[in-house]
Structure formats: C-alpha cells, structure tokens
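The structure appears below as structure tokens.
The values are calculated or read from the model by the stated rules, or taken from the named source; none is laboratory data. All figures in this text were calculated on a predicted structure; none of them were measured in a lab. Cβ placement follows ideal geometry from the backbone for every residue including glycine, while neighbour counts extend to all protein chains displayed.
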Amino acid sequence: MNTAADSIEVKRHRVVTSLHRGLEAACGTTSIGPMVLAVSGGGDSTAMLLATSRLRERRGIDIEPVVVHVNHHLREASDADAEHVRSLCRELDVPCELLDVHPQQGGAEARTLRYEAILDAARRSGARWVATAHHAEDQLETIIAALGRGAGPSGLSGIAPSRRLGDGVDLVRPLLNETRADLQSLCEIAGVKWRSDPTNIDATTLRGRLRRDVLPVLEELWPDVARRVAGNADIVRAAASMLDVGVESIFGDADQWRRSELRSLDRGLRLGGLRRALIRANLVSDGIDGDTLSAAADAIVDGAEHARVFMFTDGVSVGIDANRVWIDREYEDG
C-alpha cells in the first residue's frame, strides 16, 4: 500500500467519518460483515473504496469489503477501467470480482444488467448489503428532475439511503451527504488516480445537461447547495412518509369516498389522497396537472352540491357530487 493512502490525513478525512455514519444509519448496525462495494473506477466509487479500506482499521465497526466491478463493454476504455479497479484492490488488499455484461446500449438496459450481476455477486459472497457511491450532486440532480416533472412529496425526497435490491440483500447509499469535491479530495490526498467516463457529462442526456448547464449556476448562486439540498431531502422524506401514512389510513385502496369524510381533512391530505388515487388509476405522476388537482381538492369543501367532473389525461377523472367523491376511468369502458 502506498504511504499517502495510509496517511493520517486519509484516515481522518471527513469522507471516512461520513461513510462510517452513513453505513450505520443505512444498515442499522455496525456489525456489517461482508459488504459488496460497487466500484466503477471513477472518483466517487474510488473514494468509497479508499474510505472503506480505512474503516476496517477503526474500532466499533465490523466490515469486510468485497469490490465488484461490472464491465459493460460499451466504451473502448472499459477493459482499462476494469484493470485499474483490479490493481487498486490488489494494492489495498481488498477482494475484487470483475464481471462482464453485454447490453446493446447504455441507460436502463445497462443499469438492469449491472444490478442483476451485482446482486448475484452479493449472494455468492454472503453479503447482506451492496454499497454505491451516490453523492450530494446526484441527489441534487434527482430532486431537480423530480421538480421539473411535477413529482409529489415522495419524488422530491430524492434518492433514498437504502432500498431492497433482492431477497436478503439491500442497496445502501451511505455518501449522499458528501459532495463530489469531497470524494475527489480523498483520492487526491491518498495519491490515488481515478478513471473518467465521458458519458457522465454527455449533454445529450438529462443528467449531463444538468451537470453542464444547471448545477454550476446553482453553485454560483448558493455555494455548497448540493450538500444543503441533500440534507434537506431527509426532512422531506420524513414528511412524505408521514403524509403517506395519513393518506393510506383515510383513502386506502378505494376509488370512491363519502364527501363528508373528506371535508374535514387538511388540504394537504386531500391533495395527497387524490394524487395517490390518480396514480393508482394508472396516471403517471408527470401527467397529473397541478391546477386541476388543486381545483378538485378545493371543490370537496366548497358549498356546491351539483355534480362536477375534473378531467385528467387518459380518460381519468375526479368526480364530485353532493355526497360522493370518486375516481372514474373511462378507458375501462371501452
């Protein structure tokens, strides 16, 4: 192991402490045991690997990292990326498994194949968790995209710190509150180079366009905006969870309700309940017009008793009369 990677500055770097805290929160334990690290060779996942290798030396946490690198064979540099990860793992004395997948193109297909391969690797190694190096800028990009789509509270809470990947295996993202600059700083202090993927800044993709044209402006207006938005996402997620519980208890799986019962609800619950019911009627969240949704929610509590219909897309509507509120699906009637 090189001297820089084993230095006091690396061991005490904020990313190492943040990773420790993030893993404990996401996994609910410090007795982690085998854990798969999804490492592409980029600066973010390289920093996660470096920080995890240092965590093995800390008291109070039991972790046995196993690196998995998935080669998609979509770029000329793919093989060199894989060899870079293998070499770094050898230097850090961390087990490494290189896996090959062959998608026809990038995007959703490559992502699906990648996570299937990683899940299989986790099961082979006996790992209950797979860690990725999603960070604060990833969170900010996700929330901006959700805002542009008109997503509800759950969408505006961004990337979750953990989710189920497969039976017995969870995906965790312990570095969501760290910035890309922090992660690259750890690599620089450790004297470790990382690989660059030009597709990450491809302005023909949504995220590439955000990285090139939007995030720099936000950082200029509000320095450290990514970290603050990432921290706020936890609060929004908690609020969204509480709203979901209230909506579920009142609206349930029904598609019609007594108007008198909905009149007494807080406006936020009426909006949330109708939105959820529309999504259950197969409307995508992007297609739910906010003005129409607000008008329907407000009509529930006004004094009018004549029947009214609030139309959304695909023949889905909210109906209100003197006694009932209901969801109608015209497309089901042929």
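Structure values in brief
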{"item": "Residue count for the stretch 257-306, restricted to those that are in contact (Cβ under 8 Å) with a residue 40 or more places away in the chain, within 20 Å of Val245 (Cα to Cα), outside any helix (DSSP H, G or I) and not basic (Lys, Arg)", "result": "2"}
{"item": "In the stretch 85-115, the residues that are in contact with a Ser or Thr (Cβ under 9 Å, 6 or more places away or on another chain), buried (at least 16 other Cβ atoms within 10 Å of the Cβ) and of a type outside the set (A, V, I, L, M, F, W, C)", "result": "Glu97, Pro103"}
{"item": "Selected residue (only one of Ala121, Ala151 is under 27 Å from Leu218 (Cβ atoms) and in the same structural domain as Cys27 (by TED's automatic domain parsing))", "result": "Ala151"}
{"item": "Residue check, Thr142 within 13 Å of the chain's Cα centre (by Cα) and crowded, with 19+ Cβ neighbours inside 10 Å", "result": "yes"}
{"item": "Selection count where residues are over 16 Å from Arg180 (Cβ atoms) and acidic (Asp, Glu), scope the stretch 12-57", "result": "2"}
{"item": "Meets criteria (surrounded by fewer than 23 Cβ atoms within 10 Å (Cβ to Cβ), within 25 Å of Leu271 (Cα to Cα) and hydroxyl-bearing (Ser, Thr, Tyr)) for Ser125", "result": "no"}
{"item": "Positions within the stretch 40-65 being closer than 14 Å to Ala127 by Cβ and touching a residue at least 60 places away in the same chain (Cβ under 8 Å), in sequence order", "result": "Thr52"}
{"item": "Condition check for Asp213: without any contact (Cβ under 8 Å) to a residue 12 or more places away in the chain, among the acidic types (Asp, Glu) and touching a Gly at 6+ places or on another chain (Cβ under 8 Å)", "result": "no"}
{"item": "Residue satisfying all of: in the stretch 55-110; among the β-branched types (Val, Ile, Thr) and closer than 21 Å to Leu175 by Cβ; modelled with the lowest pLDDT among these", "result": "Ile61"}
{"item": "Within the stretch 300-325, tally of residues that are closer than 27 Å to Ala146 by Cα and in contact with a Lys or Arg (Cβ under 6 Å, 6 or more places away or on another chain)", "result": "1"}
{"item": "Meets criteria (free of Cβ contacts under 8 Å to residues at least 12 places away in the same chain, surrounded by 13 or more Cβ atoms within 10 Å (Cβ to Cβ) and at negative phi) for Arg207", "result": "no"}
{"item": "Odd one out for Leu147, checked against (1) touching a residue at least 12 places away in the same chain (Cβ under 8 Å); (2) closer than 22 Å to Glu178 by Cα; (3) surrounded by fewer than 19 Cβ atoms within 10 Å (Cβ to Cβ)", "result": "(1)"}
{"item": "Sole exception among (1) within 18 Å of Gly106 (Cβ to Cβ); (2) buried (at least 23 other Cβ atoms within 10 Å of the Cβ) for Asp79, by number", "result": "(2)"}
{"item": "Single condition Ala80 does not satisfy, out of (1) of a type in the set (A, V, I, L, M); (2) assigned to a helix (DSSP H, G or I); (3) within 21 Å of the chain's Cα centre (by Cα)", "result": "(3)"}
{"item": "Within the stretch 217-235, tally of residues that are in a loop (DSSP other than H, G, I, E, B) and exposed (fewer than 11 other Cβ atoms within 10 Å of the Cβ)", "result": "1"}
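Yes/no per residue for (1) under 30 Å from Arg324 (Cβ atoms); (2) under 19 Å from the mean Cα position of the chain (by Cα); (3) surrounded by 11 or more Cβ atoms within 10 Å (Cβ to Cβ); (4) not assigned by TED's automatic domain parsing to the domain that holds Leu278:
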| residue | (1), (2), (3), (4) |
| --- | --- |
| Leu215 | no, yes, yes, yes |
| Arg237 | no, yes, yes, yes |
| Gly246 | yes, no, yes, yes |
| Gln256 | yes, no, yes, no |
| Arg263 | yes, no, yes, no |
